[in-house]
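The values are calculated or read from the model by the stated rules, or taken from the named source; none is laboratory data. Because the structure is predicted, anything quoted here is derived from the model rather than measured. Neighbour counts are summed over all protein chains in view; Cβ atoms, including those assigned to glycine, are modelled from backbone coordinates with ideal geometry.
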Amino acid sequence: MNNRAIWRIFWLFYAMGGPRHIRNLALIGFMGTGKSSTGQILAHQLGFQFLDTDALIEERAGVSIARIFEQQGEAVFRELEAKVVAELATRSDTIISTGGGLGANEAHLASLKHHALIACLWAGPEAIWQRVRHQSHRPLLNGPDAQDKIRNLLKQRESAYRQADILINTELRSVKDVAQQLLYHFKEARNAA
């Protein structure tokens, strides 16, 4: 085992104040980085459940996230999101695909780290724009200057995203390649426990 692998094991299990009990894999990152697509592949490969936090919020609220933002505001959406994060701690064998802002919240990230390996899927602003520009269900991109909004939000969230256990740039990788890389890291982390 090389020094890098030893350091990774130390970080995953002891830097958080004791051994971590990794039961789940949580995918964080900006919208359009492939969290849902990759998560569904991983859930199938591992025989796990797939949970999309935004889809769960929509199901419970009975309306789309765009409608929540429009009618009740982002603060109400973030409250609903916090309730979902608290419930995730009771889950096992789940691939969790988070909304783009969930992983940027330090308290949410700390909660996830108690039970999940955290992987941040990353892409640059131009790649994200190309992937999401025709999608109308992205409330944070409604309005003028959506590309600038992507750049600004990425800059604001970058330090939080970098707290993930694993960072994977998805720009030049297929969803299957990203899933295979995550599968390797997840199995490595669970075996080290």
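Observations
- Qualifying residue in the range 159-171 (condition: without any contact (Cβ under 8 Å) to a residue 60 or more places away in the chain and more than 16 Å from I28 (Cβ to Cβ)): yes
- Residue list for the range 172-192, restricted to those being closer than 16 Å to I28 by Cβ and out of contact with any strand residue (DSSP E or B) (no Cβ under 8 Å at 6 or more places or on another chain): A179
- Close Cβ contacts (under 7 Å, 6 or more residues apart or on different chains) running from residues in the range 47-61 that are free of Cβ contacts under 8 Å to residues at least 12 places away in the same chain to residues that are assigned to a helix (DSSP H, G or I) and crowded, with 20+ Cβ neighbours inside 10 Å comprise E58/I65.
- Test: residue in the range 127-135 that is surrounded by fewer than 21 Cβ atoms within 10 Å (Cβ to Cβ), within 17 Å of the chain's Cα centre (by Cα) and at pLDDT 90 or above: no
- Scanning the range 66-106 for residues that are part of a helix (DSSP H, G or I), out of contact with any Gly (no Cβ under 7 Å at 6 or more places or on another chain) and not β-branched (V, I, T) yields a total of 20.
- Flag if S111 is at pLDDT 90 or above and surrounded by fewer than 13 Cβ atoms within 10 Å (Cβ to Cβ): no
- Of all residues assigned to the range 52-74, at least one qualifies as being among the hydroxyl-bearing types (S, T, Y), modelled with pLDDT of 95 or more, within 15 Å of the chain's Cα centre (by Cα) and under 23 Å from E158 (Cβ atoms).
- Hits in the range 152-174 (condition: surrounded by fewer than 16 Cβ atoms within 10 Å (Cβ to Cβ) and assigned to a helix (DSSP H, G or I)): N152, K155, Q156, E158, S159
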